[in-house]
Amino acid sequence: MGCFFSRRRKPAQGGQLPLQQQAGAGQDAASGEQKAPQYSWDLRAKIDPKDYTFSGLKNETVGRLPGKVAGQQFVIQDCENCQIYIFDHSATITIDDCVNCQIFLGPIKGSVFFRDCKDCKCVVACQQFRTRDCRKLEVFLCCATQPIIESSTGMKFGCFQYYYPELALQFKDAGLSIFNNTWSNIHDFTPVSGENNWGLLPETAAVQDYVPLPSSEELKAVRVSTDATKSIIPITRGRRQKNSDESCLAVFFAGDYTTANARKLIDEMTSKGFQLVQTKEVLMKAEDAHRVFQQSALEFIPLLEKGPVVALEFNGDGAVEQCRSTVNEVFSGTKVFVSESKASASQDVDNFYNFADMQMGM
């Protein structure tokens, strides 16, 4: 049988009453009048849904500054010819019945769901991306899981590229890794035989040509940059055609400088003309290491207990030799797995990303 607690409280040790029962056990000490007890939930700030909704707007520029959404849910609906900027992290966002809007959505811990929208251009970072009954959406996307479109046509996707000073911390607050981005791995839930409902934006596509920097004085304060070299998310080729049949896998292990080291190697390799195909941050176990690192596994297994690994795939003729040389020169005191030869590298890449996709349920 369950146990029910009485709402009457016993005095605390030493004869002290709980806070709301002091001063005459619920009475005002000065007047002697009875006061209603105060509980912690009464003191919480009240949430006004209007602060987390944009609805029925036309020809407006609106937004929320960093710190103003702070992980709440947000709703955008029935907007037309608007520029909308959510410069904060949120729980989930739904966008319904919007037409010809330009939208930036900061990191979303859960899902973003576009429904019945058309002719919109967006920059989005999220855990899950879904569309239904949409037409002509162009999206620069960072998505931790496989993006899904349903009953949607004319969809175009590119890799998220964006920067403002608070964005990196917002990714952490939303529980998103900057290295987990499956922007080009789209699943069409309702394919039509002989037609393709989605494609990729041109490699030369620039974010500011699709979603311009905010023009209002309030939102200008956010100090946005769409320069690809400053992007919080590493810009990857994804499923675009590779330029070379040679790829190289590099894996950094958890530590104080893992992210910085991975970014440094990306900068070094891309500055020399090699292309970053894909990145991943994932936990590994000893048995995974044997499958991925083969003969080198025993060297790296002790490092797996410290946290997730960050893996990078570079592509281009001479990628293996250049990556090994760069790691030896720049990261000489850091243990990094790098493919040993062109012959083994493609298998390294397949082994790691097949494992990572299974780990992440993709």
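The values are calculated or read from the model by the stated rules, or taken from the named source; none is laboratory data. Note that the structure is a prediction, hence the values are computed from the model and not measured. When we count neighbours, we look across all protein chains shown, and the Cβ atoms used for this are built from the backbone with ideal geometry, even at glycine. Calculation scope for accessible area: heavy atoms of the full protein, side chains included, ligands and nucleic acids excluded. Shrake-Rupley method; radii C 1.70, N 1.55, O 1.52, S 1.80 Å.
Descriptive notes on the structure:
- Prolate/oblate/rounded call for segment 72-151, Cα gyration tensor, a/c under 1.5 rounded: oblate
- Residue-span extension gain [N81 to E321] - 0.36 nm each, minus C-alpha spacing: 81.3 nm
- According to the Cα-based calculation, Rg over Rh for segment 242-361 is 0.93, with Rh computed by the Kirkwood formula.
- Pair Q359, K230: separation of 7 Å Cα→Cβ label points (nm): 3.3
- Average accessible surface area per residue within segment 198-315, 1.4 Å rolling probe, Å²: 50
- Placing pseudo-labels 7 Å out from each Cα toward the beta carbon at E217 and A168 gives an inter-label distance of 3.2 nm.
- Two-decimal log10 I(q)/I(0) for segment 49-228, as the Debye equation yields it once each C-alpha is a single scatterer, q = 0.08, 0.13, 0.14, 0.17 Å⁻¹: -0.21, -0.58, -0.68, -1.04
- Segment 184-219-segment 315-341 distance, computed between alpha-carbon centres (Å): 34
- Across the chain, C-alpha contacts under 8 Å between residues 6 or more apart give a mean separation that, scaled by the residue count, equals a relative contact order of 11 percent.
- Simple spin-label estimate for V192 and D48 in nanometres, 7 Å along Cα-Cβ: 4.5
- Pair-distance profile P(r), taking every C-alpha pair of segment 165-272, with 5 angstrom steps and integer %: 2, 7, 13, 19, 19, 16, 12, 7, 4, 1, 0
- Cα extents of the chain along the three principal axes, largest first (Å): 86, 55, 47
- Taken over the Cα atoms of segment 165-228, the convex hull encloses 161 Å³ per residue.
- Fully extended contour minus Cα-Cα distance, from E287 to D267, at 0.36 nm per residue: 4.1 nm
- Qualifying lysines (Cα of each under 28 Å from Cα of K264; at least 8 residues distant if same chain): K109, K172, K230, K242, K272, K280, K285, K306, K335, K342
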